[in-house]
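Encoded as C-alpha cells, the structure appears first; notes follow it.
Since every read-out is calculated from the coordinates, none of them should be taken as a lab result. Remember, predicted model here, so these are calculated numbers, not experimental data. Ideal geometry is used to build each Cβ from the backbone, glycine not excepted, and the neighbour counts take in all protein chains shown.
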Amino acid sequence: MSTTTSTANVSSGPRFSGAQHRLLAFASLIALVTVFSLASPNFMQTSNIIAILQATSVNGVLAIAATLVIITGGIDLSVGTLMTFCAVCAGVVLTFWGMPLGLGVLAAILAGAASGTLSGTFVAKLKIPPFIATLGMMLILKGLSLVISGTRPIYFNNSPGFTQISQGSLIGSVFPTLPIPNGVLILFLVAIAASFILERTILGRFTFALGSNEEAVRLSGVNTNRWKIAVYALAGSICGIAGLLIASRLNSAQPALGQGYELDAIAAVVIGGTSLSGGRGTIIGTLIGALIISVLANGLRILSVAQEWQTVVTGSIIILAVYTDILRRRRL
Amino acid sequence: MTALVAMKDIEKSFPGVRALHNAQLDLRSGEVHALMGENGAGKSTMMKILAGIYRRDGGEILLDGKPVEINSPRQAQDLGIGIIHQELNLMPHLTAAQNIFIGREPRKAGGLLLDEAKLNADAAEIFASMHLKLDPRTPVGGLTIARQQMVEIAKALSYRSRVLIMDEPTAALNDAEINELFAIIARLKTEGVGIVYISHKMDELKRIADRVTVMRDGEYIGTVPAAETPVEKIIAMMVGRALSDERPVVPDHSNSEIVLEVRNISRGSEIRDVSFSVRKGEILGFAGLMGAGRTEVARAIFGADRRDGGDVFMHGKKVDIRKPEDAVRAGIGYLSEDRKHFGLATGMDVRNNIVLASLSRFAGTGGLLREAAMHDAAVRYIDRLAIKTPSDRQEARLLSGGNQQKIVIAKWLLRDCEVLIFDEPTRGIDVGAKNEIYKLLNALAQQGRAIIVISSELPEVLRLSHRIAVMCEGRLTGILPAGASQEEIMHLATLRGEQNNKPAKGATK
C-alpha cells in the first residue's frame with residue numbers, strides 16, 4: 001500500500017462500529033451458508049444443520065468461557081484441558097463411585113469453578129501473567145486428568161441418562177419436527193446466561209472495567225482481585241459444562257483429549273470481534289465466530305475439500321477477522 | 001520576507017465535528033512561534049496536518065512560498081518538518097544513537113553490516129551542535145525524561161529539520177531541565193530553525209516565544225508579539241473573556257473538626273516522617289518541586305502504595321489502610337495526576353465512570369445492575385458539575401481534559417468521600433476549564449469536605465489553599481498560612497536535609 005492511500009485511510013477509510021463488526025461477522029456467516037448451500041444440496045438438509053449446531057456446542061461453550069476472561073484483558077489457555085478434567089471428574093463420581101447423575105454434573109461444574117478460582121488467584125494475587133498462569137494450568141490439568149483416570153477413558157455405561165445431556169432432545173420431545181439436541185439447547189442457554197451476566201450485572205460491568213483500565217478501577221476503591229478471580233471462576237464452571245457436553249457426546253471421558261480446543265475457542269472469540277487487549281467483546285459475536293468455524297469445517301467437508309485445507313481456511317479467516325477489527329479501531 | 005511555513009485557510013473535519021475552520025499560521029525562520037488555545041481549540045490537529053499525520057480538507061500550505069502537499073509523516077520529514085510529540089516515541093532498550101538513526105543506520109561491508117562507529121560519531125556530532133553532553137551509546141531507557149526529549153530533538157535535527165513542532169515539551173521537566181531545553185531552543189533559533197511551540201504555561205511563552213498565535217474553537221483568533229502583549233490579553237483571546245486572579249477567602253477553621261490526620265508516615269527515601277492534618281471545610285495545598293514526594297504521600301495515605309510506617313486517623317480514629325478499598329471505605333478519595341492511566345476507564349462511557357466507585361450500591365439481587373438509577377445519578381452529576389457531554393453514554397475518552405477531570409470528581413462525589421485528595425487537578429486542562437475546577441473545589445470545601453490539593457503551579461496553590469504544606473526531598477519542610485509569598489514557599493521547597501535537621505513542626509498542632 002502506498003503512503004498516500006494509507007494516509008487517506010486515516011481520514012476517510014472504512015469505518016466500523018462494534019455492532020457493525022458483529023454485523024459483518026454475521027453477514028460472513030450468512031454468505032458462507034449461502035455459498036455452501038448453492039454448492040451442495042446436502043448442506044441445507046435439516047440433519048446437516050443439526051450436525052453443524054451439535055458440532056458447535058462444545059467449542060461454542062468453551063469460547064464463551066474464553067470470552068469472559070479475554071474481556072478482562074486476560075487469556076485462558078486452560079479451557080481445553082479443563083474441559084477434559086471436568087469430564088474426568090464427572091466420570092470418577094458417576095462410574096468409579098457410582099453416584100447419581102446430578103452429583104456427576106455438579107462435580108464437573110464445581111471442578112471447573114475450583115480450577116478457575118485457582119487460575120484467577122495466580123493471575124490476580126500472585127500477578128502471574130494470564131498467558132503463563134493458564135499455560136501452567138493447561139499442563140497441570142492435562143496431567144491430572146491422566147493421573148485420575150489411570151490414562152484410560154472412563155465410560156458412562158452405569159449412568160444411562162448421561163448421554164441424554166448432549167444427545168437427547170427436549171425440544172424434539174415437544175416438537176417432533178424439530179429434533180434439536182440438548183447440547184445445542186445448552187449452548188444457547190449458556191450464551192443467554194453469559195450475555196445477561198456480562199451486560200446486566202455488576203460482575204459483568206467489572207469484567208469490562210478491568211479490561212478497560214484495571215488500575216483506575218483499583219484506585220476507585222474496588223477489590224479488583226476478587227472480581228477478577230470471580231470471572232475466572234465463572235469461566236471455569238462454564239468449561240465444566242463443556243466437559244459434560246463432550247463426555248455425554250462420546251459417552252466417555254477421554255483423558256487424552258482437550259489440548260488444542262483452547263485455540264479453536266480463542267479463534268471463535270477473535271472472529272466474533274472481541275478485543276484481545278480487553279475491555280470490549282460480546283457473547284453473540286463469539287457465538288457467530290464459533291458457528292463460522294463449524295460451518296466452514298462442515299461445508300468444506302461436504303465439498304470434499306481435504307481436512308488439511310480446512311485448517312488453512314480457518315487460519316486465514318482469523319487473520320481477516322482481526323484485520324477488519326484493526327481497520328475499525330484505526331478510525332476511533 | 002517570505003514565511004518559512006504559511007498555513008492558509010486550513011479546513012479539517014472529523015465525523016460530526018468541525019475541527020478547523022479558516023485556521024492560519026505563519027512561521028518565520030529563526031523564531032519561536034507559540035501556538036495557544038484551550039484544549040480542543042485545534043492546535044494539535046493543526047500541527048498534525050503540518051506533520052503529515054492528518055490530511056487537510058481545504059486550504060493550502062506554503063513552504064518557502066511554494067505550495068506543498070504533505071501526505072505522510074515521511075514526506076513531512078523529507079521536507080524538513082519534524083514533530084516532537086508530548087508522549088515520546090523512543091525505544092528504551094536501544095541507545096541514543098540507535099534511536100536517532102533508526103531505519104537509516106549507516107552501513108559498511110557493502111551494506112551487510114551496521115557501521116556502529118559511524119552511527120555513534122554522527123549522533124555525537126548532532127549532540128555537539130546542540131551543546132549537549134550525552135554519550136550516544138547510553139540506552140535511552142536509563143535517561144531522564146528531559147534527556148529523552150533531547151534525544152527526540154536530536155532525531156528531528158538529524159533529518160535536517162528546518163521546522164520543529166514541540167507539543168508541551170516541558171510538561172514533565174523540572175526547572176533546571178527546562179532551562180537546558182530553552183538553551184537548546186535558543187541555539188536552534190540562531191541556526192534559522194523555525195519552532196512551533198505548543199504550551200499552556202504562560203510564563204514559558206514570555207521567556208522564549210517571539211510571536212503568539214491564538215486559536216479558539218478551531219478558528220484563527222490572532223497573532224501578537226509575545227513580549228509586548230500582556231498575559232491577560234492572550235488569555236482573553238483564548239477564552240474570549242478576561243479572567244481574574246483572585247486570592248482565596250480563608251474561612252476560620254479553628255473550631256472545625258479535624259477530619260484527616262496523618263502521623264509520621266514514611267516510605268524509603270521518598271517519604272520521610274510526614275505528619276499533618278486537615279479540618280472540615282479546609283483546603284490544604286501541597287507545594288514543592290517535582291520529586292519532592294507529594295504524590296507519594298497522597299498514594300501512601302490512599303493505600304495505593306505500601307508504606308513503611310505511620311498512621312492515618314479519620315475523625316480521631318485510627319484507620320488501617322492497606323489498599324485503596326480501605327481508604328475509600330474510610331471516606332478518602334484520590335484523584336490522580338494521570339487521569340488517563342489511573343482515573344478513568346477511558347473506553348467506558350461517562351455513566352459507568354461516574355458510578356465506578358459506587359457500583360455495588362447500584363447492584364440489586366443477583367448482582368443485577370439498576371441502569372435507570374445509574375443513569376439518574378450520572379445525569380445528576382453531569383448537570384451539577386456542568387460536564388459537557390452529548391449524553392451519559394458517551395465514551396469518556398472522547399471528552400476534553402477538563403470534562404474528564406469533572407467525571408473523576410463526580411465519581412468521588414457520588415461515593416460521598418469526606419476527604420478528597422486532588423493531585424494536579426488542572427494538569428492538561430485549559431485556562432477556562434481551570435477556573436471552573438477552582439470554583440468547584442471551593443464549593444466542595446464550603447460544603448464541609450476536607451480537601452488536599454497537590455500542585456506544581458504556585459499560582460494555583462496560592463489561589464486555592466487555606467494553608468500551604470511544602471515538601472522537599474520527602475520531608476514536610478513547613479506549613480504556611482494563606483497569603484504566603486512565592487519566595488517563602490520556594491525557600492521551604494528547596495530546604496534540603498542538611499539545613500533542616502529539626503523535624504517539621506508546622507504540622508502537628
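Worth a mention:
- Within segment B:43-196, percent of DSSP bridges classed antiparallel, to nearest 5: 40
- Build a GNM of chain A with springs between Cα atoms under 10 Å apart, and of A:269, A:35, A:123 the one that fluctuates most is A:35.
- Distance between the 7 Å Cα→Cβ label points at residue B:257 and residue B:273: 3.2 nm.
- Taking A:287, A:82, A:300 as the candidate residues, the one with maximal mean-square fluctuation in a Gaussian network model of chain A, Cα springs under 10 Å, is A:300.
- For B:366-374, mean number of other protein chain Cβ atoms within 10 Å: 4
- Mean separation of Cα contacts under 8 Å (6+ apart) over length of segment A:7-162, as relative contact order %: 24
- Taking Cα atoms only, the orientation of helix B:145-158 departs from the longest principal axis of chain B by about 20 degrees.
- Compared with the alpha-carbon gap, the fully stretched path from residue B:105 to residue B:183 is longer by 25.2 nm at 0.36 nm per residue.
- Counting only residues at least eight positions apart within a chain, or on another chain, the lysines with an alpha carbon under 27 Å from that of residue B:8 are B:43, B:48, B:66, B:189, B:201, B:206, B:233.
- Three-way shape label, chain A, alpha-carbon gyration tensor, a/c 1.5: oblate
- Applying a DSSP loop filter and a limit of 11 other Cβ atoms within 10 Å to the trypsin sites (Lys or Arg not before Pro) in segment B:63-148 leaves B:104, B:133.
- Amide N of segment A:237-270 lying under 11 Å from the label point, which is placed 7 angstrom from the Cα of residue A:128 along Cα→Cβ: none
- The relative contact order of segment A:183-324 comes to 22 percent, based on Cα pairs under 8 Å that sit 6 or more residues apart.
- Long-range HN-HN contacts of residue B:19 with modeled amide H, under 5 Å: B:12, B:13, B:14
- Residue-wise HN-Hα couplings along segment A:237-251, as the Karplus relation 6.51 cos²θ - 1.76 cosθ + 1.60 with θ = phi - 60° gives them from phi, are 5, 5, 4, x, 5, 4, x, 5, 4, 5, 5, 5, 5, 8, 6 Hz; Gly and Pro carry x.
- When the trypsin sites (Lys or Arg not before Pro) in segment B:308-389 are filtered for DSSP coil states and for at most 12 other beta-carbon atoms within 10 Å of their beta-carbon, the remaining sites are B:322.
- Summarising the label geometry, the points placed 7 Å from Cα in the beta-carbon direction at residue A:46 and residue A:192 lie 2.2 nm from one another.
- Of all DSSP beta bridges in the protein assembly as shown, antiparallel share, percent nearest 5: 55
- Under the combined filter of DSSP loop state and at most 12 neighbouring Cβ atoms within 10 Å, segment B:165-268 retains these GluC sites (Glu not before Pro): B:191, B:228, B:246, B:257.
- Shape category assigned to segment B:127-172 from the gyration tensor of Cα positions, a/c cut at 1.5: oblate
- Taking segment B:346-441 and dividing mean pair separation by its residue count, relative contact order in percent (alpha carbons under 8 Å, at least six apart): 34
- Backbone phi angles across segment A:197-209, fed through the Karplus curve with coefficients 6.51, -1.76 and 1.60 (θ = phi - 60°), yield HN-Hα couplings of 4, 5, 8, 10, 10, 5, 4, x, 5, 6, 4, 5, 4 Hz in residue order; Gly and Pro are listed as x.
- Amide H contacts of residue B:260: B:278, B:315, each under 5 Å away and 5 or more positions distant or on a separate chain (H built 1.01 Å from N in the peptide plane; Pro and chain starts excluded).
- Karplus 3J(HN,Hα) series, Hz, for segment A:287-294 with 6.51 cos²θ - 1.76 cosθ + 1.60 (x for Gly, Pro): 4, 4, x, 5, 5, 4, 4, 6
- For the options A:201, A:224, A:95, a Gaussian network treatment of chain A with springs between C-alpha atoms closer than 10 Å singles out A:201 as fluctuating the most.
- Summarising the amide proton neighbourhood of residue B:287: residues at separation of 5 or more, or on other chains, whose placed amide H is nearer than 5 Å comprise B:469, B:470, B:471.
- Counting only DSSP beta bridges with both residues in chain B, the antiparallel share comes to about 55 percent.
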